[in-house]
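Let me begin by presenting the structure, written as structure tokens, before commenting on it.
The values are calculated or read from the model by the stated rules, or taken from the named source; none is laboratory data. Keep in mind that what you see is a predicted model, and the values were worked out from it rather than measured. Cβ: placed from backbone, ideal geometry, glycine included. Neighbour counts: every protein chain shown.
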Amino acid sequence: MNAAVKELDEFRREIASWLAANKPADPGFLLPQSFMEVGSEQQLEFLREWQHKVWTAGYLGMAWPKEYGGQGVDAVYQSIVDQEMRRQAVPICFNVIGLGWAGPLINDIGTAEEKEQYLKGILSAEDIWCQGFSEPDHGSDLGNARTRAERDGDSYVVNGSKIWTTLGNYAKYMILLARTNPTTERKYDGLSFFLAPMTVDGIDTRPIRKLTGEYGFTETFFTDARIPATCLMGQEGDGWKIAMKTLQYERGAEAGAAGGLAFVRIVIDDLINQLREVRRADQPLLDDPVVRDQLVSLIMEEKALALGDRRAEIPALSSDYPLSLPLSNKLRWTEYTRRMRQFAINAQGADGALYVGDDRARAGGFWQRAYLNSFSATIGGGTSQVQANIIAEHVLGLPK
């Protein structure tokens, strides 16, 4: 065993031991399955404390520069931490829009002042971030954004609204796409990108109740909200270019995220273990050859997805359609997750209609809740239909 491999193995044992000793006990209330279901101060404070503890121990943002709160080490160390977090099923690191999108963007193209101002607070969970891209009348059509930001001296005055603003009612900052010039020939050229404060007058957030009964999303309204001109990232008119780069992080096609779990880990082994308790016609469900065949298909698909992610890291194995795997990552995983969870409900028969709060619900309604929550991921970062178009146009070269 060479020295580098030995060092990584020792580090894996170190983080595994730390997680085992520091994993929080069950708090006695329902925790969100992802960062998109944080809907109460109780949940927020629990998760904020956990993320801060992970960061203080040196296990979050490990590849980010030391001067901005990171450890300045190779990203492989953070990958090991994330793997062990999944294996031990610890709580999520909830500040995902900061950790996974805004932070990597600022790290990559931000000024020294922006890095100094924003990065450490993202890691420590002191500063929560949200995203202001989608609008009520335009959804995933970001090029038609109508929220206006008009320059007035040392400020921009913002008017309009954004929707599906995850963590918007708790956020200190928003990555905001707004129109600074409504008269450009190309609509994309009139958009600008802001690292905008959420604490100024004129910003109102209204939580959106989901089908699950949970919250997490908000609608955000801007009424003559005045934000400093220094919040502009890049130049006026750079908004579309910067937003597209941000979406690369959100869709998993660009590296640089700080790490931590964004979702409760649910894999095919969890599904199989759950179905061991299910009986149909007084026989174990897993003895049914049709069910077994369906499960094998899901097992093969999950394994293929995992191997595809590893293959994407080796250019020589992805030269036939460069970037095809990273660009399709979000579509492949979110749609598989939705179908796998739907299978779990269908396999329960009539019990599949029961939900959280019903004493008869299997696993406390975990799978029903997980299935309904899975739709958030198929919409965020561009719907599955949008993702299919991206693959068609940018990988296969098909016309618009």
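What pairs come out if I take residues in the range 122-147 that are farther than 17 Å from Thr199 by Cα and pair them with residues that are of a type outside the set (Asp, Glu) and in a helix (DSSP H, G or I) whose C-beta lies under 6 Å away, six or more apart or interchain?
These pairs meet every condition: Leu123/Trp55; Ser124/His52; Ser124/Trp55; Phe133/Leu142; His138/Asn144; Ser140/Val386; Gly143/Lys187; Gly143/Tyr188.
This table checks each residue for (1) buried (at least 17 other Cβ atoms within 10 Å of the Cβ); (2) assigned to a helix (DSSP H, G or I).
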{"site": "Val200", "(1), (2)": "no, no"}
{"site": "Asp204", "(1), (2)": "no, no"}
{"site": "Pro207", "(1), (2)": "no, no"}
{"site": "Glu214", "(1), (2)": "yes, no"}
{"site": "Ala225", "(1), (2)": "yes, no"}
{"site": "Lys241", "(1), (2)": "no, yes"}
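Applying the selection to the range 171-230, what residues are among the basic types (Lys, Arg) and at pLDDT below 95?
Across the range 171-230, the qualifying residues are Arg186, Lys187, Arg209, Lys210.
In contact (Cβ under 8 Å) with a residue 24 or more places away in the chain and either under 30 Å from Thr218 (Cα atoms) or among the basic types (Lys, Arg) (or both): which single residue out of Asp26, Asp82 fits that description?
After ruling out the rest, the residue left standing is Asp82.
Looking only at the range 360-390, count every residue that is part of a helix (DSSP H, G or I), touching a residue at least 60 places away in the same chain (Cβ under 8 Å) and either of a type in the set (Gly, Ala, Ser) or not assigned by TED's automatic domain parsing to the domain that holds Glu277 (or both) and tell me the total.
4
Could you name every one of the strands (runs of 3 or more DSSP E) located completely within the range 101-171 that has at least 2 residues being of a type in the set (A, V, I, L, M, F, W, C), surrounded by 23 or more Cβ atoms within 10 Å (Cβ to Cβ) and in contact with a strand residue (DSSP E or B) (Cβ under 8 Å, 6 or more places away or on another chain)?
Strands (runs of 3 or more DSSP E) meeting the threshold: 129-132.
With respect to Leu317, is the statement that it is in contact with an Asp or Glu (Cβ under 8 Å, 6 or more places away or on another chain) and without any contact (Cβ under 8 Å) to a residue 40 or more places away in the chain true?
no
Check the range 10-22 and report whether any residue there is in a loop (DSSP other than H, G, I, E, B) and surrounded by 15 or more Cβ atoms within 10 Å (Cβ to Cβ).
The answer is no, given that none of the residues of the range 10-22 is in a loop (DSSP other than H, G, I, E, B) and surrounded by 15 or more Cβ atoms within 10 Å (Cβ to Cβ).
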